[in-house]
1. To the nearest whole number, what is the average tally of beta carbon atoms from other chains within 10 Å of the beta carbons of peptide B:128-141?
2. Angle check, please: helix A:149-166 long axis (alpha carbons) against the longest principal axis of chain A (alpha carbons), in degrees 0 to 90, nearest 10.
3. Each residue of the range B:157-162 in order: what ³J(HN,Hα) in whole Hz does its phi give by Karplus 6.51 cos²θ - 1.76 cosθ + 1.60, θ = phi - 60°, with x for Gly and Pro?
4. Cross-link candidates for B:Lys206: which lysines have Cα within less than 28 Å, leaving aside residues fewer than 8 places away along the same chain?
5. Please identify which residues in the range A:19-53 have an amide N closer than 12 Å to a label point set 7 Å out from the Cα of B:Asp167, following the Cα→Cβ vector.
6. Leaving out same-chain residues fewer than 8 places away, which aspartates and glutamates sit with a Cα under 18 Å from that of A:Lys153?
7. If you count, for each residue, the other Cβ atoms within 10 Å and average over each peptide, how do A:147-155, B:127-135 line up from highest to lowest?
8. Under a point spin-label approximation (7 Å from Cα along Cα-to-Cβ), what is the B:Met1-B:Asp211 distance to one decimal in nm?
Amino acid sequence: MMDREVLERFRLGDEAAVKAVYDRFGGPVFALSMRILGEQGLAADATQQTFLKAWRAASTYDPERNFGPWIYAIARRTAIDIYRKQRRSVVTDDLDVAVLPPGLETAWEVFEVRAAVDQLPDEERQVIKLSHFDGLTHVEIAEQLDIPVGTVKSRSHRAHQRLIELLRHVEEA
Amino acid sequence: MSDETRSRYLESGSGEVSGESERLDLIRDVLGDEATWAEPPRRVADEVMAAVALQRPTTPPVEARSGGSRWAMVVGGIGAAAAVVTLVLASVSVIRSQPAETLVPMAGTELEPGASGEASVRPTGSGWWIRLDLEDLPPAPEGSYYEGWVWSDEGEGVSIGTFHLRDGPEPVIMWSGVAMSEYPSIWVTLEPEDEGPEASGEVVMKGRMPDSGDA
């Protein structure tokens, strides 16, 4: 959860609060943008535009509500707009404006999962990435990190317990 | 079903989680997705903060410009100038490390003959950053908006963003994902909100990158 005071300062247009919000949500917004756009340069543009739009619209944000869904909606819309506008537009062309990017159906899960792993302690986040993304076994992770296998197992266990708690709303969706 | 059981399933992909495996499998899939772990380039944070600083209102209050005392205009002007200096100093570490900008004069067409301005164009690692500083272009009427385009000499346009100017004449930041050498003309069109994404044909301003020949 974001600090309530930071969110209130963000709502009032405080630039330092924008940086704090970026530090917390830059990763999830970029991950979502990568999922929808599939290209790092476009995802970087989408991330930049998302935070700029969020800053412009900050006065409409209600600090009583969860910030994640609010900025997720802006990020999703921005990425879809960029996806469509990358389809080059010619005056005489008829474009299908209803076309949606292929990665859209799991964009919310990517945003939420990234937001959750970003809240893990570094050593647990590292084990989760090596396990799920790199596909390493506990023994291989232990070798790579030069730590006992038992330590890997306990970190992995704790990390997955935390993820279950952080992602309960995604699991139950 | 206990959190412990679900946690074990999330970790291993196996175990008895009757009726809940589909969502847990989806989370496992997302944890293995490259996008989930992608890190934004470090420059994005700098660009966000620089853009926020650039878009912070710097113009004097409307009252001072439209009928306030001469002294109020002077004070407002000094305040705005001080703000600009502060912004320039604050942004200097970002700007110093970036390639030089190309300035493109923008002129109103017959639809907005009084409009003028300038586009600042700078290549970045992810595309072309374009800032429009426009004067005497009226706010887009309700139900419409302005759209920026880069246009090739072959008549192909790529949208670089939309804006309306209803809250004042602030600089407008836009992005192009195509090379300005291939799309050297910069156009601004007026677009109705209820129509498709293609250009309306109502071109209100035009500019062209220097050294790119005549259109």
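What follows is calculated from the coordinates using simple rules that are stated; it is not laboratory data. Every value quoted in this text rests on a predicted model; they were computed, and no experiment measured them. Using ideal geometry, Cβ is built from the backbone for each residue, glycine included, and neighbour counts are taken over all protein chains shown.
1. Taking the mean over all residues of the peptide, I get 0.
2. Value to nearest ten degrees: 40.
3. x, 10, 5, 10, x, 10
4. Correct list for B:Lys206: A:Lys53, A:Lys85.
5. Under cut-off, by backbone N: A:52-53.
6. The reachable aspartates and glutamates, counting only those whose Cα sits under 18 Å from A:Lys153, are A:Asp122, A:Glu123, A:Glu124, A:Asp134, A:Glu140, A:Glu143, B:Asp3, B:Glu4, B:Glu11.
7. Final packing ranking: B:127-135, A:147-155.
8. Those two pseudo-labels are separated by 6.4 nm.
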